[in-house]
Amino acid sequence: MDFTTHNSEETVSLGKKIGAVLRSNDVIALTGQLGAGKTTLIQGIAEGLGVKDYVTSPTFIIINEYLGRLPFYHVDLYRLEAINDIEELGIEEYFNKGGVCVIEWAERLNGLLPNNSDNIKIEWVSDNERKICVSSELAARLK
């Protein structure tokens, strides 16, 4: 299912709706070009999960953990390209810890994603407009 947002507030609002329907052990593979709005969407997802902390991109830390209705694990693989570096993170441990794991630059996982993960792709349309494609299972929960 495709959504179009026209500003960052709409992107956060969509993220809140997504966060509200996420369940224990959900894994979200998030892709999109640099500056597309991945972190903005994730901030909304965190709000929808009841996270009170300000969520920033963990580019240098790689994984940030937050408390909300469920534990929230925000992973950013931007700085990692070698699959060996990613495997050494032990990222698979986060997939079944009872929380929600959202992974930016998930295309770098090269087969490490669980089969039941959901996909969200953000496409830059214009300075303010984004097309956000949500995989069918997750989209069904949003209805």
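Any read-out appearing in this document is the output of simple, stated calculations on the displayed coordinates, not a laboratory observation. Just so you know, these numbers come straight off a predicted model, no measurement behind them. Note: ideal-geometry Cβ built from the backbone for every residue, glycine included; neighbour counts use all protein chains shown.
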- If packing is taken as the mean number of other Cβ atoms within 10 Å per residue, what is the order of 38-46, 102-110, 116-124, highest first? 38-46, 102-110, 116-124
- Give the percent of DSSP beta bridges with both residues in the chain that are antiparallel, rounded to the nearest 5. 50 percent
- Task: Would you order Leu138, Leu77 from fewest to most other beta-carbon atoms within 10 Å of each residue's own beta-carbon?
- Result: Leu138, Leu77
- Message: I want the local charge near Gln43. Using Cβ-Cβ distances under 15 Å, sum +1 for each Lys or Arg and -1 for each Asp or Glu among the other residues.
- Response: -1
- Separation between Cα centres of the range 85-143 and the range 7-73, rounded to whole Å: 10 Å
- Ratio of the Cα radius of gyration of the range 2-142 to 2.2 N^0.38 Å, where N counts its residues: 0.96
